[in-house]
Amino acid sequence: MGSLFRSEEMTLCQLFLQSEAAYACVSELGELGLVQFRDLNPDVNAFQRKFVNEVRRCDEMERKLRYLEKEIRRDGIPMLEIPGECPEAPQPREMIDLEATFEKLENELREVNQNAEALKRNFLELTELKHILRKTQVFFDEMADPSREEEQVTLLGEEGLMAGGQALKLGFVAGVILRERIPAFERMLWRACRGNVFLRQAEIDTPLEDPSSSDQVFKSVFIIFFQGDQLKTRVKKICEGFRATLYPCPEAPADRREMAMGVMTRIEDLNTVLGQTQDHRHRVLVAAAKNIKNWFVKVRKIKAIYHTLNLFNLDVTQKCLIAECWVPALDLETIQLALRRGTERSGSSVPPILNRMETIEDPPTYNRTNKFTSAFQNLIYAYGVATYREVNPAPYTIITFPFLFAVMFGDLGHGALMAAFGFWMCYKEKPLQAKKIDSEIWTIFFGGRYIILLMGLFSMYTGLIYNDIFSKSLNIFGSSWRNNYNESDLLTNKLLQLNPDSKDYLQIPYPFGIDPVWQLAEANKIIFMNAYKMKISIIIGVFHMLFGVCLSLWNHIYFKRRISIYVEFIPQIMFLVLLFFYMVMLMFIKWVKYGPDADFLGSSDPEVIKTSAYCAPSILITFINMMLFKTDPNTRPECDDTMYPGQIGLQKFFVIVALMCVPVMLFGKPYFIMKEQKQRARQGHQTIEGTAENGAAGGAAAVAPAHHHDEDITEVFIHQAIHTIEYVLGSISHTASYLRLWALSLAHAQLAEVAWNMLLRKGLMSRDFEGGIFLYVVFAGWAAISVSILVLMEGLSAFLHTLRLHWVEFQSKFYAGEGYLFQPFSFEVILDSAGQGEE
Amino acid sequence: MGMKFCGPKLSLCGLVLSVWGIIQLTLMGVFYYIQAVALLEDIPIDEEDTHTISGFISAAENGYTQNAYNCWIAALLYVITLVVSGHQFWMNNRSSVSM
């Protein structure tokens, strides 16, 4: 069982598989998911590989399945999820059966679809004809109506009257056109026929279904009256141009009635046939839907196996396939078992051979994680995959990440909301995973459910320490501050201060967290909290960075870089400790040494004053003076210059030693490397002389690395200089960077206060019982703001800053991150990514 | 059984909000009733009552009890919302399962 401390040990193996057994063995390895194959034919084109035909057949099958799936989805039929275990990859001979089934299904479906389309077209024509017959009845009645004569007269103009004065015989065409085209149609007719045609139109109320696009369109019935053949041809051409469908409409009303009845019967017949076609289609699709997920899995597995087989090499005798793969050293037994199973299944007699190979290549990085640790491991990998066998920062991240988040987010109420959300996701893990919800945002939240749960729990803890629940404080143990002012003082002053160096403070601190009285101190609450939170941030930051530097010691020991321990690790630790850890110590000394004395409250004894809050020095000024070797004039003569005797001398000593560490870091390693090279060069010369008689190739080999190193000495210098500057400057900037822990917690507290004061307080200022209803409404608004701004936005922001602190400030102290990920051949991974890809 | 006028998302939102509202408003009501100092700035007090200490104290006490009752009334309204949302949520779940 590997550990999370560093990545697993990997070996490069050669695999000899008999051709018959190859398929089954690869299938077993795919189920196992522990082997990463290397491509042994990198120069070969995709179309020249051995199994290209099989891959092509799989592609065809997948295409057919996708077509089926699209049809099933169009009809809204639910596809059954695979019950129980994923089906195993089928044997090669089963592939032919699957292909035949899919072919049959596809053909059947296409035929049904074509028939349905033809039927629908027919149906559309008949429906339009029905509407025409109905509407034109009105037109013909109007035409026959004598009261309409005036219209005829105006239309036909004076010549018509002159010609005979009797009603002229009019021809007509009837048809259907899209409603949107009617105005243009009318205008065109008017212009082209010079106003000599007469158009009547009526809208069809129900939309008709277009057979090819399945859209619902609105159409109108029109009838055009004209006289003469020329106009007839003209009208017909215009109708063609506007894609209006013309229908033969009999003139006599009796004929029309007969036609109408015939059309109705035909429509009913068509409806029945259409219904039956749809039923048949539905039945075919339902039958397919039962198995389609199963088929998808099988086809994808076959394709994956053949893709992998394409990576193999065929050996000289053409009977055996050779593969090279990376394998975790601890899993060799499991893989041997899987290979044996595969050979048994295929019925082959020759067992496969797994051979360990020596190589100088860098193996991939593999960390065994479970569902809890994988989220944190992925956070680390997002920045850079660990170098092979490097110390893994993930196990510590499990605790430091939620903790640093909580320092920035500290609010009991919001933490509780976050923890509840995380808890719900973790509790309902299996059903939520089975649902396969599409949204990418949900996938991100669900993938980090354990992180969210931990962040919420830790935030509840820091919320208790900051004593902040939705910007109010809880008074659990009783405040340690008392009010000793009399009535007249209270009535005449707007702001009053309570002095801790008096009876106002009970000299026994609040047992856990910040005293609840500070919530009411609107004038100096922020000043007080700033002093506290800034110091805490620096303390946490220095400890985090020290821990990071200590982890680099493990890397040096493992990779046997003894020189690095002396010229890199020791100067780094000393620099950090002598400067920044000393500052942390000063903070603790200040907290312990300066404060009110319980026995001498408010005394003016000079000795007591020296340890009172009046004389507490500023840590920042002290530190700056320490670095600049400066001493400020004492502005408070009652106070000592220093916090403890010998401070100035000790500080000077620390700064000098820390500065001396810098050249050691800068020149130590290059000096040792140069020494090593000279030694090797001397040895190389000796061996050359020694082997000159034998003419062995060993001398050449010895010369080559020395030559190789000689070229790199300037690179080593530059490399080391970059690292030193990065570390020295980084130690100052990273320490200051940890102040974001203070900044974000201040922002969060203030936002929560604003949300309460501006929003919820409005609902709490009513004098009557209707305030209850008003509060009911205001609470909903306040809850929405709290969740969206304070939990989501602030949470995301704090998450990002914590991630940055880990990636940059912590990991730059020890992490190289130049490895590549172990990507085993695993059906699970392939099926997951294929499933996501198509959605 | 009843009309379905909320979709699944709205009824779930209502459910979560109601649970939160009931818990928080009941607790706030309790804190107002025991006259917690932290909530001193969230009670209605008229300007003229702040001129004497005893006037201030009695106005504060009135404000506390009034707000306690208001919080409990709001909590009760959220109980009703919980019942309605829960019913809608259950109806939505049922119809999606029966399909």
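Read-outs: derived from the displayed coordinates by stated rules, not from any lab. Quick caveat: nothing in here was measured; it's all calculated off a predicted structure. Positions of Cβ are backbone-derived with ideal geometry, glycine not excepted, and every protein chain shown enters the neighbour counts.
Annotations
- Set of aspartates and glutamates near A:LYS236 by C-alpha distance (under 16 Å), chain-local residues within fewer than 8 positions excluded: A:GLU186
- Residues A:GLU99 and A:ASP269, FRET efficiency given R0 of 25 Å [Cβ-Cβ distance, rounded to 0.05]: 0.05
- For peptide A:755-765, the mean count of partner chain Cβ atoms within 10 Å of a residue's Cβ comes to 3.
- Within segment B:79-93, backbone nitrogen closer than 15 Å to the virtual label 7 Å beyond the Cα of A:GLU81 toward Cβ: none
- When chain B is treated as a Gaussian network with alpha carbon springs shorter than 10 Å, the biggest mean-square fluctuation among B:ILE45, B:ILE23, B:ILE53 belongs to B:ILE53.
- Measuring against 23 Å, Cα to Cα, the residue pairs A:LYS472/B:LYS9; A:LYS70/A:LYS435; A:LYS371/A:LYS428; A:LYS70/A:LYS436; A:LYS560/A:LYS669 contain A:LYS472/B:LYS9 as the ones spanning a longer distance.
- Separation of the alpha carbons by more than 26 angstrom is noted, of A:LYS503/A:LYS610; A:LYS535/A:LYS813; A:LYS120/B:LYS4; A:LYS610/A:LYS630; A:LYS120/A:LYS169; A:LYS525/A:LYS593, for A:LYS120/B:LYS4; A:LYS120/A:LYS169.
- Across the protein assembly as shown, the convex hull enclosing all Cα atoms gives 334 Å³ per residue.
- For segment B:24-92, dividing the convex hull volume of the Cα atoms by the residue count gives 82 Å³ per residue.
- Taking a straight line from the alpha carbon of A:LYS652, these aspartates and glutamates sit under 18 Å away, with near neighbours fewer than eight places off in the same chain left out: A:ASP632, A:ASP641.
- The stretch between A:LYS678 and A:ARG56 holds 217.9 nm of extra length on full extension. This uses 0.36 nm per residue minus the Cα-Cα distance.
- Cleavage-rule hits, GluC sites (Glu not before Pro), segment A:429-529, DSSP coil, Cβ neighbours within 10 Å at most 12: A:GLU522
- Label-to-label distance for A:ASP205 and A:ASP597 is 10.1 nm, based on points extended 7 Å past Cα in the beta-carbon direction.
- Note on A:ARG636 and A:GLU20: the model spin-label points, each 7 Å out from Cα along the C-beta direction, lie 9.4 nm apart.
- Using R0 = 35 Å, the C-beta based FRET efficiency linking A:MET627 and A:TYR671 works out to 0.80.
- Taking label positions 7 Å along the Cα-Cβ direction at both A:ILE360 and A:SER812, the computed distance is 3.3 nm, reported to one decimal.
- Karplus (6.51, -1.76, 1.60) ³J(HN,Hα), θ = phi - 60°, over segment B:83-88, in Hz, Gly and Pro reported as x: 4, 5, 4, x, 4, 4
- Here the calculated FRET efficiency for A:ARG368 and A:ASN291, from their Cβ-Cβ distance with R0 = 30 Å, stands at 0.25, rounded to the nearest 0.05.
- Potential extension, A:PHE543-A:ALA743 segment - 0.36 nm per residue separation minus Cα distance: 70.1 nm
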